[in-house]
Amino acid sequence: MNFVDTMWRPNKAVDAAARKRRLGESITILLIAAVFTAIAVALMFTSLGSVLGELAMGGAAIAAVMVFLMVLIGGLIIGFFLQKLMEALGTKADYYAGVSSIAYSMMPLATGVLIAGILGLIPIVGIVLALLIATPFILMGAATMYYSMKTFFRTDMITAMIAFSAFMFGIVIVLYIVIIPAMLQTAGMLGGMLPGMMPGMGI
C-alpha cells in the first residue's frame, strides 16, 4: 500500500487496492482518515480558543473523539449500506467493495480537512487559506467516491453514476434530517453556556 497515493493520487491507490482486494488495508485507510479528521476538528476548536475560551479547549477533545468514531464506525456501516445499494442495482457486490469505496474516498477529504485545520491556526488569513486548500481535496474525494464504486464493484460507468447519485442523495437526506438539526441543537446549547463562561457576556 502506497500511503502517499491515497492522499494525492487516489485513483492510482484504488487501482492498486482493487488488484489485491485486502479488507484489512481498506479498514486501515479508514482508520487513518478518522484520525486525520479528528485531529482537524481538534485544531479547529483550538483556533477558536481566543473566542470561546475554556469551552473550546474542553470541547476539542470531546469533538475529536466523536468525529473519530463517526468516521470509523460510520464508514464501516455505510460500506454495508453501499454494498446493498449496488446489489439492488443488479451488481455483484461484497462488503470489501463497500468499505473500500468509503475508505479511499475519505482519505483525500480527510487530508484536505487536516491541512485546513492547520492553516486555520494562522491569524486573519488562515480561514481563507483553509478554504482554498480544502476545496480541491473535497472535490477530489467526491470524484474518488465515484471512481472507487466503479472500480471496486467492477461495474460500468452508468451503473456507478446511478449508484453515486443515489448515495449522495441519501447523504443529503441524512444531513438534513439528523446531523444538521443535531448540530444546531448543540450550537444552541453552547451559545447558552457562553455568557456564564466568558466575563462580560452575561446580562
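The values are calculated or read from the model by the stated rules, or taken from the named source; none is laboratory data. Predicted, not measured: the structure shown is a model, and the values here were computed from it. For neighbour counting, all protein chains shown are included, and Cβ atoms are generated from backbone atoms with ideal geometry for every residue, glycine included.
Against the definition (modelled with pLDDT of 85 or more and crowded, with 19+ Cβ neighbours inside 10 Å), how does A60 come out, yes or no?
Judged against the criteria, A60 is not a match.
Look through T155, T159, T135 and report the one residue that is among the hydroxyl-bearing types (S, T, Y), outside any helix (DSSP H, G or I) and more than 23 Å from T28 (Cα to Cα).
So the residue among T155, T159, T135 that is among the hydroxyl-bearing types (S, T, Y), outside any helix (DSSP H, G or I) and more than 23 Å from T28 (Cα to Cα) is T155.
When residues of the range 9-47 are filtered for being acidic (D, E) and either more than 19 Å from the chain's Cα centre (by Cα) or crowded, with 21+ Cβ neighbours inside 10 Å (or both), how many remain?
Result for the range 9-47: 1.
What tally of residues in the range 97-135 results from selecting those that are β-branched (V, I, T) and under 28 Å from V14 (Cα atoms)?
Residues flagged as β-branched (V, I, T) and under 28 Å from V14 (Cα atoms) within the range 97-135 amount to 8.
Please list, ordered by first then second residue, the pairs with beta carbon atoms under 6 Å, 6 or more apart or interchain, first in the range 1-19 and without any contact (Cβ under 8 Å) to a residue 60 or more places away in the chain, second buried (at least 21 other Cβ atoms within 10 Å of the Cβ).
Every condition considered, the pairs that remain are D5/A13.
Got at least one residue in the range 146-161 being surrounded by 14 or more Cβ atoms within 10 Å (Cβ to Cβ), small (G, A, S), on the phi < 0 side of the Ramachandran plot and at pLDDT 85 or above?
yes
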